[in-house]
1. Consider residue 271 carefully, then state whether it is buried (at least 20 other Cβ atoms within 10 Å of the Cβ) and more than 26 Å from residue 479 (Cα to Cα).
2. When you scan segment 328-342, how many residues do you find that are within 17 Å of the chain's Cα centre (by Cα) and either closer than 22 Å to residue 391 by Cβ or without any contact (Cβ under 8 Å) to a residue 24 or more places away in the chain (or both)?
3. Could you check residue 315 against (1) in a loop (DSSP other than H, G, I, E, B); (2) out of contact with any strand residue (DSSP E or B) (no Cβ under 7 Å at 6 or more places or on another chain); (3) surrounded by fewer than 20 Cβ atoms within 10 Å (Cβ to Cβ) and say which number it fails?
4. Which one of the conditions (1) at pLDDT 95 or above; (2) surrounded by 18 or more Cβ atoms within 10 Å (Cβ to Cβ) does residue 482 fail to meet, given that it meets all the rest?
5. Considering 299, 211, which residue is free of Cβ contacts under 8 Å to residues at least 40 places away in the same chain, assigned to a strand (DSSP E or B) and farther than 27 Å from residue 331 by Cα?
6. Restricting attention to segment 180-201, report how many residues are within 30 Å of residue 529 (Cα to Cα) and at pLDDT 95 or above.
7. Residues 87, 115: which one is over 30 Å from residue 63 (Cα atoms) and in contact with a helix residue (DSSP H, G or I) (Cβ under 9 Å, 6 or more places away or on another chain)?
8. Which condition does residue 205 not pass, out of (1) in contact (Cβ under 8 Å) with a residue 60 or more places away in the chain; (2) not in a loop (DSSP other than H, G, I, E, B), if it passes all the others?
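The values are calculated or read from the model by the stated rules, or taken from the named source; none is laboratory data. Computed from a prediction, not measured in an experiment: that's the story for all the values here. Here the Cβ is made from the backbone with ideal geometry for all residues, glycine too, and neighbour counts use every protein chain on show.
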């Protein structure tokens, strides 16, 4: 595979910016007179992915694959006069990462993009200026060398293969799929204000999914994906992953529980999902708030979110987003506008302190951007399957929910058992928020019923569903016991990596809806249908 020289590409994009700024485009104005037009400003962002992957199936390892995607470019052009400023965006895919190709492509296309931008300028209204203005940020030049992705060692592959084979040989396992992946996301930003940066983000993952045949003849699908910054971290975590798998297998024969309202201990993974999806990840995006798509936190900057006496537990937490926290997987130094990212406090003891902003939303708030303009892709598909430009937007990265209490899990259990005979312990790594209504669904993927006498039994999974304010009002106790969750967050700008840390919390008053009864498979016979090769090393 050809090595990409990103520094050369950055220099070419800088040349393209200068070329576009000097270009004079002759076309008719609204009065029918031919004139020469020039652009006001231009920004070009190149986005590329490198991905090495190894697949495993039922303990057998496949070949190492290079799954690089074609590069994409986002060209954003501003046309201005004394009254109006209008931005037009053009997403282009299937870009070759060759300096000469980029020049050939750009020179051939930029005239068309400028003409389209000028026509849009003519058709726009002055009161739509707010969608095209942007904050003045200091120009930055930072073009580090991007080294090639490392291959996974044969020794490392064998260690993962041994784990996959061990899982496949466990009783009641029907099948196992797995994968190792090392993904690098690279973006280059050059603009007419003088910014020229290269940013890259490496995320390694191990995924394991399996089908378990329960004593009730149900096929239960389970698994997980864990994310790290390096492959060595993946390999170092294999003993912990094996322990996690053993715990999962011990909980597969689950008892059914009725839907209803129960005392629920949200484990850190569930709290991470709740505060990411229901508050910080989307509801505190300045884009949604300023464009009127979300009104929950509208006009709340510097103000208490809840009235005195409501949601008292919110006074015990602060919420931060820290893209500059290098130890976390979703960190980055510059966003896709070339703005230096900043760690920010979003929520502090009940008060909304900041929104997630880009340069447009920041100037509308009379602020500087905090550098959260991120996207997965620049080209998507509309409802008809035709290509459409995808615009980055303010996105969450490394989210930290900080507790201001010294309450332990044991203290929570003691307080709960003074009122109830049991509680549900809920883990979750997924949820969904409906921005317009503030309604939120939290998937309770793993649920354990914990009794006063210490017994623990696995029960069927389900969903916790409510509006945001009821969810927050249901928080009874915030602990000092932390955990973390890593994954990807979806939005109109695609899926971007996230990493959350949060404390466990006790809630009461939210309806738990049990999942439907799973289908029974009476025809399955594991002794007949499952083959285990003698060569499998199960040590």
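1. In short, no.
2. 7
3. (1)
4. Single failed check for residue 482: (2).
5. Selected residue: 211, the only one of 299, 211 that is free of Cβ contacts under 8 Å to residues at least 40 places away in the same chain, assigned to a strand (DSSP E or B) and farther than 27 Å from residue 331 by Cα.
6. 0
7. 87
8. For residue 205, the exception is condition (1).
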